[in-house]
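Asks: Have a look at this one before I ask anything.
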């Protein structure tokens, strides 16, 4: 699976985006089922409803561009080209997992694909992405670094520190805020007087662009422009992608009791499903319904193969506990 | 051999690393100005350019995080904290991130970063400019902690830290900056995890860290005049500390005093004492002595500072006590 869209015409590119969003959706629904069944124990944070951001942003990147994520990063991993069976094995705690069974759902990695790590400390990878941008600048390489984080992370000090550093040194960094309007159970309106996250960019002296995070083509287009600017040496950009988290903070539950307006918000946001929107558009543009319908069973087959791989993979050995605390010396 | 000051030795290590390894860069608050760093970074920005040697905004968290991110993608950064106290604002990137990444991702990602902090005691600076927090960081799996006490080690340990491939906290002591010693030219390493015998003796082992190693040398001379023959070990690496050398020395002398100018509770001296008591209790002929700071914040008034800090006299008293 290549994160870069091989452009064989706009139609093929759009179909590839649809396929990626559908893959993320179906993988997470399957993970949700396996959590409910008690087969997966590690905390799993699902991005169902938000797939357009991972798919759209990563489609604008090359393999060498780096991506840094958080606790809700299955989508980032898959969209950047991470291996599905290895992710599933990781969620199952198996030694064949992408993090060798030490990470679970919240700590994913695919260095060969430029995904250097996702971790659950809120916003923790934002300064790390700035460091990757700094490395690009010092090495005179064209690669950009992308930090994915949620609206909650913008309340952390290191978000503001990182924006300032990246702007000051004109680093090729994209700060991608997936504003899903919730941090765990707390709605944005209870945490912030104004709905103005994007203005943090202005304070740091970089462009801040608000995007419809449920329109994958808008996300792709906005990211492409920001990437082109960053590669040209114009510095960083903050992209606020507005979206909505359908499921609860963690696990497959809908968390309807959380917040004052969860039910009405879902009624408002679910019709804006990024997958349905793109599908409708492709059909309007004349793509074959049959071809689009064929995507789902093929993806489900891949997912079941990944689940089988995970189930059949060995658990880590006790002796593995002591490995990799320190890296071997590499001068 | 050529004599250098401790501060010059640190500067020379930076300069040679910058000269020989394009992956090395130096960042942090105070890098362009001797106000905080003394002569330890003097003129490096002019010699190597302000792109590779850059002063930073007052953002310990993002600066340290950026150094860690750059290390993850293959650079060899040295991030500077003018006081160890200030470095606490970067606790998340150091403790939660750098320390964990190799383990967390099954060894596929590593963090070859050096996090340098200056311990600067006294001078009526008080509680937030004087802390020596090596024990806090030595507690964390995945971190290494070094504290050079001589100019030779100041240079060699920095080179070893940059080449180690893991997050290494390099803690230097401002009270040592003017001390002189032999320093070879060129790049050389002092191995991390290896302590050094500064004086051989038979009756009592003194283990000292950083500044206390220089105080322990004075104490050893005083004790020698009184007919007491001590063995002095400069620990050099706080984590992982050199069990082989410590155990062989205590096995020989049977008596141990540990001098660490940090707080007594939960400190490195406690860790060493517990390990010695747990592993080679049979070798001990007397209770273990600890010379540490009392469990109070650093005061400002010079009168209280005199009561707070420990030195050669305290080491002498502790050695005489374990010989009673």
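The values are calculated or read from the model by the stated rules, or taken from the named source; none is laboratory data. Please read all numbers here as calculations on a predicted model, not as lab measurements. Because the Cβ atoms are built from the backbone with ideal geometry, glycine has one as well, and the counts that use them run over all protein chains shown.
Asks: Could we say that residue B:10 is within 7 Å of another protein chain (Cβ to nearest Cβ), crowded, with 21+ Cβ neighbours inside 10 Å, touching a residue at least 60 places away in the same chain (Cβ under 8 Å) and within 23 Å of the chain's Cα centre (by Cα) here?
Replies: Criteria not met by residue B:10.
Asks: For residue B:108, indicate whether it is closer than 30 Å to residue A:112 by Cβ and either modelled with pLDDT under 95 or part of a loop (DSSP other than H, G, I, E, B) (or both).
Replies: When the stated conditions are applied, residue B:108 passes them.
Asks: Take residue B:68 and decide whether it is outside any loop (DSSP other than H, G, I, E, B), within 7 Å of chain A (Cβ to nearest Cβ), buried (at least 18 other Cβ atoms within 10 Å of the Cβ) and touching a residue at least 60 places away in the same chain (Cβ under 8 Å).
Replies: yes
Asks: While we're here: Return the residues of the range B:219-241 that are touching a helix residue (DSSP H, G or I) at 6+ places or on another chain (Cβ under 7 Å) and more than 29 Å from residue B:161 (Cα to Cα); say none if nothing qualifies.
Replies: Once the filter is applied, which keeps residues that are touching a helix residue (DSSP H, G or I) at 6+ places or on another chain (Cβ under 7 Å) and more than 29 Å from residue B:161 (Cα to Cα), the range B:219-241 yields B:219, B:222, B:223, B:228, B:230.
Asks: Looking only at the range A:252-265, which residues are surrounded by 17 or more Cβ atoms within 10 Å (Cβ to Cβ) and within 21 Å of the chain's Cα centre (by Cα)?
Replies: A:252, the sole residue that qualifies.
Asks: Among the residues of the range B:206-217, is there at least one that is away from every other protein chain (no Cβ under 14 Å), out of contact with any strand residue (DSSP E or B) (no Cβ under 8 Å at 6 or more places or on another chain) and in a loop (DSSP other than H, G, I, E, B)?
Replies: So far as the range B:206-217 goes, no, none of its residues is away from every other protein chain (no Cβ under 14 Å), out of contact with any strand residue (DSSP E or B) (no Cβ under 8 Å at 6 or more places or on another chain) and in a loop (DSSP other than H, G, I, E, B).
Asks: Quickly run through the range B:99-126 and pick out the residues that are under 18 Å from residue B:38 (Cα atoms) and within 14 Å of chain A (Cβ to nearest Cβ).
Replies: B:115
Asks: If you don't mind, there's one more thing I want to ask. For the structure I just gave you, tell me whether residue B:143 is surrounded by 23 or more Cβ atoms within 10 Å (Cβ to Cβ), touching a helix residue (DSSP H, G or I) at 6+ places or on another chain (Cβ under 9 Å), in contact (Cβ under 8 Å) with a residue 12 or more places away in the chain and closer than 23 Å to residue A:120 by Cβ.
Replies: Criteria met by residue B:143.
Asks: Taking the stated definitions as given, is residue B:246 assigned to a helix (DSSP H, G or I) and surrounded by 14 or more Cβ atoms within 10 Å (Cβ to Cβ)?
Replies: yes
Let's see how each residue does on (1) under 12 Å from the mean Cα position of the chain (by Cα); (2) at pLDDT below 95; (3) farther than 22 Å from residue B:42 by Cα:
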position	(1), (2), (3)
B:147	yes, no, no
B:160	no, no, no
B:167	no, no, yes
B:202	no, no, yes
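Asks: Can you tell me which residues in the range B:86-98 are more than 7 Å from chain A (Cβ to nearest Cβ) and buried (at least 22 other Cβ atoms within 10 Å of the Cβ)?
Replies: The answer is B:87, B:90, B:94, B:98.
Asks: Shifting gears a bit: Just give me the residues in the range B:146-165 being surrounded by fewer than 24 Cβ atoms within 10 Å (Cβ to Cβ) and in a loop (DSSP other than H, G, I, E, B), in sequence order.
Replies: Correct list: B:165 only.
Asks: Look at residue B:189 and say whether it is surrounded by fewer than 19 Cβ atoms within 10 Å (Cβ to Cβ) and within 29 Å of residue B:70 (Cβ to Cβ).
Replies: Answer is yes for this residue.
Asks: Taking the range A:119-155 as the region of interest, how many residues are touching a helix residue (DSSP H, G or I) at 6+ places or on another chain (Cβ under 8 Å), more than 9 Å from chain B (Cβ to nearest Cβ) and over 25 Å from residue A:225 (Cβ atoms)?
Replies: 2
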